[in-house]
Amino acid sequence: MKITKIEALANIANDIRMGVIEQVYLAQSGHPGGSLSCSDILAVLYFNQMNIDPKKPYAPERDRFVLSKGHCSSALYATLARKGYFDKEDLKGFRKVESNLQGHPEMNKIPGVDMTTGSLGQGLSAAVGMALGSKMDSAGCRVYCLVGDGEIEEGQIWEAAMSASKNKLDNLCVIVDHNGLQIDGKVEDVAGLIDIKEKFESFGFYTLEIDGNDIEEIIHAFDTAKNKKGMPTAIIANTIKGKGVSFMENKAEWHGKAPNQEQYEEAINELKLQHIVG
Amino acid sequence: MIATRQSYGEALVELGRKNKEIVVLDADLSTATKTNMFAKEFPDRFIDVGIAEQNLMGMAAGLATYGKIPYVSTFAVFAAGRGYDQIRNSICYPKLNVKICATHSGVTVGEDGATHQMLEDLSLMRTLPNMTVISPSDDIQTKWVINEISKIQGPIYVRLARIPTFKIYDENQKFEIGKMVQLGNGTDATIFATGVMVSESLKAQEQLAQEGINIRVVDVHTIKPIDKEMIIKCAKETKKIITIEDHNIIGGLGSAICEVLSEEYPTKVIRMGMKDRFGKSGKGEQLLKYFKMDSEAIVEKVKN
C-alpha cells in the first residue's frame, strides 16, 4: 500500500529526528530537545512549502529560511542533507574541528543556510531585512523564520516584529516553536512569558495557533499564511520538546545534553518504530 | 567649516543616484545623522526602524544577504554600543556587506554629555574580525570614503563627527583605504591623529612652526587595517611620537600605533585623548580644551 503525502512528510520528519540524535550523539554535544520539537516544521517547509532548489542554493529568487534559534542547527543540517544540499556523511562532522557544520549555523560555510545565527533574538531582524529586500525588488520571495519561545524573551524580537508589520511584510512568516521549556525551566516561570499569540497580534501580525507536531496542521497554516495579504503571519506552533524520543519529551534537561550510547540506541530504536511503511 | 556628518549626508545622495542597490537605514535620528537628505530623494530606499538599534543592525544584515548595500546610521554610542552583538554576530561573522556610518562620535558631541559621547567605538569595532574601521577627518575625505566603501565587499565602520572642522584637502587629493596621509615633513615630532583631531593637530603644527619646531601630522583615516609602513617610517624619521584621538586612549588609535611599534620598532609613544574616563556636557571646543585635547595641549606635549 502506498503511503499518503502526509505520511511521507512524517517519515521525513522522523529521518530528521534520527539525524539530530545521530549528530548530537557523535559530537557528544548539541541541543536535541528543541531540534526534535521543530523537526516536523522543517520537514514541511523544505519538502512541501518552500520554493528552493538544492542545486541552486544561492538563487536570488529562492524562498529563505532563517533558523533564529540557531542552537537547533542539528535539525537544520539533517534537513538540508536530506534535501540534498550536501552529503549525509557530512553530518558526522557536526561540531567537530575539521567540519563546516558549526555548533550554530554559518551561512558562508554551508550551502542552504540563508543566515548565520546563534545569538538569540537576531534572526528575525535578518528575516525582516530579507523580506523587505524582496518587496523592494518585487521579487516575490517568501521568508520563513523559526524562533524559539524562550528566544522571544529577547527585546530585539519585538523591535523586528514592529518593523515587519510597519512594512506590511506579508511575505514573512514567523514560526514560534512553542515547546514551553527553556534551560532554566518553563517559559512562564523563568521570564513570565504568556499570551504569545496575543503579543504577536498586538504587534500587527496575523496569527495562527496550531499543533506544531501535526504535519497536516502545519501545511494548512503555511497555506493560509501565503494567502494573507498586507501583514506578516506568526504561527504559534505548540510542540513537545524532545518530541519522538519518549525519555527526552518535555524535559528541560535535554535542551543541551548528548545521549550516552545506551540512550542513543534506545532513541534510534524508538524513532525507527515510528517510521510509517505502506 | 563643515561637519563630517554633513559631508556624509551629501555624499549619500550622490551615491544613491549612481547605485540603486544602496539602501539607507536609520533609527529615528535622520535629521541629526543627515540621512534625511537621502530619505527625501529616495523615500523607497530609506528605512527608519525607530528607536531600535539592535533591529537596525539585524535588518541591515538581512538586506545585505539579499544583495542590497545598506548604509546604517545612528549615533556612534548606539551603533557600536547598543548594536554591538548584532554587529558582531549578524554582520561581521558572516562578513556581510553592511556600511555602518556612525555620527556623533567622541566628546565633541558636546552638550548631550557622557551618555551620548562615544569614546570606545574604535576599540570595539577594531577588535572584530572582518571589520574595516575608518575615521575621516574632513569634508573631501569623508565624501571620498562614502563613495569608495560602496565598492568594497564586507562590513565597514565609519566614524563621523558632529562638530564642524576645517577643510583640509582639495578636490584633487588622492586617498587609499589603509594608507595614512602624511601632512608636512617635520622631524621634531609626528602626531598621528584621526577624525576631528587632525584639524586640531594641524593648528598645533602651524603654531609650532612659528616657534621653529617642525612636526608632521599623519592623518590616520583608516584605523584598521593599520598602515604599518607609515608608522615605522615616522618612528625612524622623527624624534617624538604622539597619538591623539577623540576617544579613550585605551583600545583606539593610540593602542593601534603602539601595537605596531612594540612589535616592529620599539619606540616611546605618548597617547593623547580621553584618559579612561567619561565625558561631560559643554561645547565641543570647550571640552577639547577641558580634557587637554586641543591644539594648545598638543603644542605643550610636543615641547615637553
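Selection within the range A:209-222: residues that are touching a residue at least 24 places away in the same chain (Cβ under 8 Å) and surrounded by fewer than 21 Cβ atoms within 10 Å (Cβ to Cβ). The member of this set that is nearest to A:Ala164 (Cα to Cα) is A:Glu209.
Which is more than 13 Å from chain B (Cβ to nearest Cβ), buried (at least 24 other Cβ atoms within 10 Å of the Cβ) and assigned to a loop (DSSP other than H, G, I, E, B), of A:Leu76, A:Leu101? Of A:Leu76, A:Leu101, the one residue that is more than 13 Å from chain B (Cβ to nearest Cβ), buried (at least 24 other Cβ atoms within 10 Å of the Cβ) and assigned to a loop (DSSP other than H, G, I, E, B) is A:Leu101. Just to be sure before I move on: is B:Gly284 buried (at least 19 other Cβ atoms within 10 Å of the Cβ), over 27 Å from B:Lys236 (Cα atoms) and in contact with a Phe, Trp or Tyr (Cβ under 8 Å, 6 or more places away or on another chain) in the structure I sent? No: the conditions fail for B:Gly284. So, in the range B:2-40, exactly how many residues are among the acidic types (Asp, Glu) and within 11 Å of B:Thr142 (Cβ to Cβ)? Adding up the residues that qualify gives 1. Figure legend. Inter-residue proximity from the range B:59-78: first residues over 13 Å from B:Val49 (Cα atoms), second residues among the acidic types (Asp, Glu), beta-carbon distance below 6 Å, spacing 6+ or different chains. Indicated pairs: B:Lys68/B:Glu21; B:Ile69/B:Glu21; B:Ala76/B:Asp121; B:Phe78/B:Glu53. Does the range A:108-119 hold any residues that are of a type outside the set (Lys, Arg), facing chain B (nearest Cβ under 10 Å) and surrounded by fewer than 20 Cβ atoms within 10 Å (Cβ to Cβ), and which are they? If the condition is that a residue be of a type outside the set (Lys, Arg), facing chain B (nearest Cβ under 10 Å) and surrounded by fewer than 20 Cβ atoms within 10 Å (Cβ to Cβ), then A:Asn108, A:Ser119 are the ones that fit.
Looking for whichever is more than 22 Å from B:Val181 (Cβ to Cβ), of a type in the set (D, E, K, R) and either assigned by TED's automatic domain parsing to the domain that holds B:Ile249 or in contact (Cβ under 8 Å) with a residue 24 or more places away in the chain (or both) here; the options are B:Arg88, B:Arg159, B:Arg126. Which one fits? Can you show your working first?
Details: B:Arg159 fails: more than 22 Å from B:Val181 (Cβ to Cβ); B:Arg126 fails: more than 22 Å from B:Val181 (Cβ to Cβ).
One residue alone meets the criteria, B:Arg88.
Candidates are the residues of the range A:229-271 that are assigned to a loop (DSSP other than H, G, I, E, B) and among the hydrophobic types (A, V, I, L, M, F, W, C); the one that is farthest from A:Ile157 (Cα to Cα) is A:Phe247.
The set of residues from the range B:227-242 being out of contact with any Lys or Arg (no Cβ under 9 Å at 6 or more places or on another chain) and among the aliphatic types (A, V, I, L, M) comprises B:Ile231, B:Ile232, B:Ala235.
Pairing each residue of the range B:198-221 that is of a type in the set (D, E, K, R) with any residue that is crowded, with 24+ Cβ neighbours inside 10 Å, provided the two are 6+ apart or on different chains, yields C-beta distances under 6 Å for B:Arg216/B:Thr190; B:Asp219/B:Ser137; B:Asp219/B:Val198.
Might you let me know whether the range A:123-141 holds any residue that is in a loop (DSSP other than H, G, I, E, B), in contact (Cβ under 8 Å) with a residue 12 or more places away in the chain and under 18 Å from the mean Cα position of the chain (by Cα)? Checked against the condition, which is being in a loop (DSSP other than H, G, I, E, B), in contact (Cβ under 8 Å) with a residue 12 or more places away in the chain and under 18 Å from the mean Cα position of the chain (by Cα), the range A:123-141 yields no hits at all. Of the residues making up the range A:33-52, none is under 15 Å from the mean Cα position of the chain (by Cα), crowded, with 19+ Cβ neighbours inside 10 Å, acidic (Asp, Glu) and within 14 Å of chain B (Cβ to nearest Cβ). Across the range A:95-123, the number of residues qualifying as over 15 Å from A:Tyr58 (Cβ atoms), out of contact with any strand residue (DSSP E or B) (no Cβ under 8 Å at 6 or more places or on another chain) and among the polar types (S, T, N, Q) comes to 5.
Per-residue answers, yes or no, for (1) touching a helix residue (DSSP H, G or I) at 6+ places or on another chain (Cβ under 8 Å); (2) under 27 Å from B:Ala204 (Cβ atoms):
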| position | (1), (2) |
| --- | --- |
| B:Gln117 | yes, yes |
| B:Leu122 | yes, yes |
| B:Pro136 | yes, yes |
| B:Ile149 | no, no |
| B:Pro155 | yes, no |
| B:Leu160 | yes, yes |
| B:Phe166 | yes, yes |
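Does B:Arg88 qualify as being within 20 Å of the chain's Cα centre (by Cα) and either within 10 Å of chain A (Cβ to nearest Cβ) or among the basic types (Lys, Arg) (or both)?
Details: within 20 Å of the chain's Cα centre (by Cα): yes; either within 10 Å of chain A (Cβ to nearest Cβ) or among the basic types (Lys, Arg) (or both): yes.
Yes.
The values are calculated or read from the model by the stated rules, or taken from the named source; none is laboratory data. All of these numbers come straight from a predicted model, not from anything done at the bench. Note that each Cβ is placed from the backbone with ideal geometry, even for glycine, and that neighbours are counted across all protein chains shown.
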